[in-house]
Structures are given as structure tokens and as C-alpha cells.
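The values are calculated or read from the model by the stated rules, or taken from the named source; none is laboratory data. If you're wondering where the values come from, they're calculated on a predicted model, not measured in any experiment. So basically every Cβ, Gly included, is an ideal-geometry build from the backbone, and we count neighbours across all protein chains shown.
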Amino acid sequence: MKNTARNQVSIALLDDHLLVLRGLADVLRENPDFNVTGTFTDSKELLKALKTFKTDVVIVDYELAPSDIDGLSLIKTVRRQYDNVAILVLSAHYNTATVAQALRGGANGFIGKNRPFEEIQNAVHEVSRGRTFIESRMAQELAQYQQQGEVLLTGNFSKVNVERALSLAVLSPKEQEVIRCFITGMTVTEIAEKFNRSLKTVSGQKQSAFRKLGLKADHELFIIKDELMKILHF
């Protein structure tokens, strides 16, 4: 997805709680990479604005006011009408069923409202680059359900396919470090601090490893965790 001429990510925000909306907008505006183009308290205002203003990412709450449409319907509407806009859900309702439902509906990422501001900013960067963002602990929970046969998200993770992907993958030492830490539950921010690297560098190393492994989302990494540990000798 294309950013502005200044390479800023243009962001529209939707939350029916005005205090949350203002706080999030203020935090995002502190980052020179972001341009908050609008803040909205109901979905009609947001959808009307998307027709007028160029937007890279919309950040929406999953549970809106009782008089508004539900979060899933909003996600599907935005995805259907604005396929080039990334959707990041920021919600207090943070469980595997809700996250999986939002992602299946067309969201590009999901993060809990209790997460640090730095992680929210990283999530915006990830989805603006066409990637899927799920917090590492949630990714592990989704993977656990999928391993138990509850396919919450799509993906073919048979043993043969996993081994084929791993046999073709040649991860660099730094990529292996990042993946090893991510598997243990560390966030990209924590990994960057651990190795004294920038968030951008660590995020790039993680995504490079994902491409080599044929993975598209964080929870997929945890599904193949055991095979990774055996074949790559983590």
C-alpha cells in the first residue's frame, strides 16, 4: 500500500470512547512516520471520510456503540469497499475467537488495548506494509487451537508441507536469533532492545525469515515451532 510523499502512513481512527480516541491520536502523532488524517466516533463518519481522504491504515475498535454496526460488519464493509486500506483492530475484547473472526473478516491485524504504545505503533507499521500483525502470545494461542484441530484461520500445515518449507529455508544467523526469541514470546520491541538493533531492522529480519519459511502470519510460526526446533537446531 502506498504512503504519502513524505513516506508517512496516513491513519484514520474509530472509537466510540472519545477519551481513548484522543489519547491514541496524540500518541500516534508523536511519531513522525504517522499522519493522523481523521478521528471518528461512529462508522458512518469513517466510511464517508474514506471516500474523500487517502488512508493507508484504519484503526478500529471491535465493539462500537449499541446504535452503530458491529465490528465485524464494519471490517467486512471497509475490506469490500477499500481493498487497499489496511485494517488494524484495537480492542479490549481480546480472545482467540474474536481475533480469528476479525482476521477472517478481512482485518490485517489485531491488538489488545492493554498493549504498550510502542507495540501499537509497531502494529501500524506492520499492517501498512501489507503484513499481518498478531501479538506473539495471541499467535501462540491461535497455533495451539489449530494444532488441536480447531482451524480458526486458513492454512495448510501438514507435516510434509512444513518439512518442505524448512528444507528450502536458509535463515541467516541474525534471522535465526530473531525467530528464536519470537518463539519464546518476546515482542519485536523486546528483541530490538536485546540485540541493540532498530525496530525496523528486527522487523525486516523477522519478515525475511517468514518469507523463506513460507509463512504469512505470526500464529503459523508457532504451529511449526516443534519442527523448527528440530530441523534448525534451536
Exercise for the section: Sort out which residues of segment 126-146 are closer than 15 Å to residue 58 by Cβ and either without any contact (Cβ under 8 Å) to a residue 60 or more places away in the chain or under 9 Å from the mean Cα position of the chain (by Cα) (or both), and write them in order of number. Expected result: 126, 127, 133
Completion exercise
Within segment 169-204, residues crowded, with 19+ Cβ neighbours inside 10 Å, assigned to a helix (DSSP H, G or I) and among the β-branched types (Val, Ile, Thr) come out as 178, 179, 188, 191, 202
Exercise for the section: Being over 19 Å from residue 103 (Cβ atoms) and touching a Gly at 6+ places or on another chain (Cβ under 7 Å) is the filter here, so list the residues in segment 31-64 that pass it. Expected result: 49, 53
Problem - Yes/no for residue 103 being over 18 Å from residue 129 (Cα atoms), modelled with pLDDT under 95 and not assigned by TED's automatic domain parsing to the domain that holds residue 144 - result: no
Completion exercise
For segment 55-87, the count of residues that are surrounded by fewer than 23 Cβ atoms within 10 Å (Cβ to Cβ), within 25 Å of residue 122 (Cβ to Cβ) and out of contact with any Ser or Thr (no Cβ under 7 Å at 6 or more places or on another chain) equals 5
Practice task
Say whether the condition of being in contact (Cβ under 8 Å) with a residue 24 or more places away in the chain, of a type in the set (Ser, Thr, Tyr), under 24 Å from residue 115 (Cα atoms) and assigned by TED's automatic domain parsing to the domain that holds residue 118 is met by at least one residue in segment 64-85.
Solution key: no
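Quick grid of which residues meet (1) under 30 Å from residue 144 (Cβ atoms); (2) in contact with a helix residue (DSSP H, G or I) (Cβ under 7 Å, 6 or more places away or on another chain); (3) assigned to a helix (DSSP H, G or I):
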position: 35; (1), (2), (3): no, no, no
position: 45; (1), (2), (3): no, no, yes
position: 52; (1), (2), (3): no, no, no
position: 69; (1), (2), (3): no, yes, no
position: 97; (1), (2), (3): yes, no, yes
position: 111; (1), (2), (3): yes, yes, no
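I'd like the residue in segment 113-128 that is assigned to a loop (DSSP other than H, G, I, E, B) and either of a type in the set (D, E, K, R) or in the same structural domain as residue 207 (by TED's automatic domain parsing) (or both) and, out of all such residues, is nearest to residue 218 (Cα to Cα).
115
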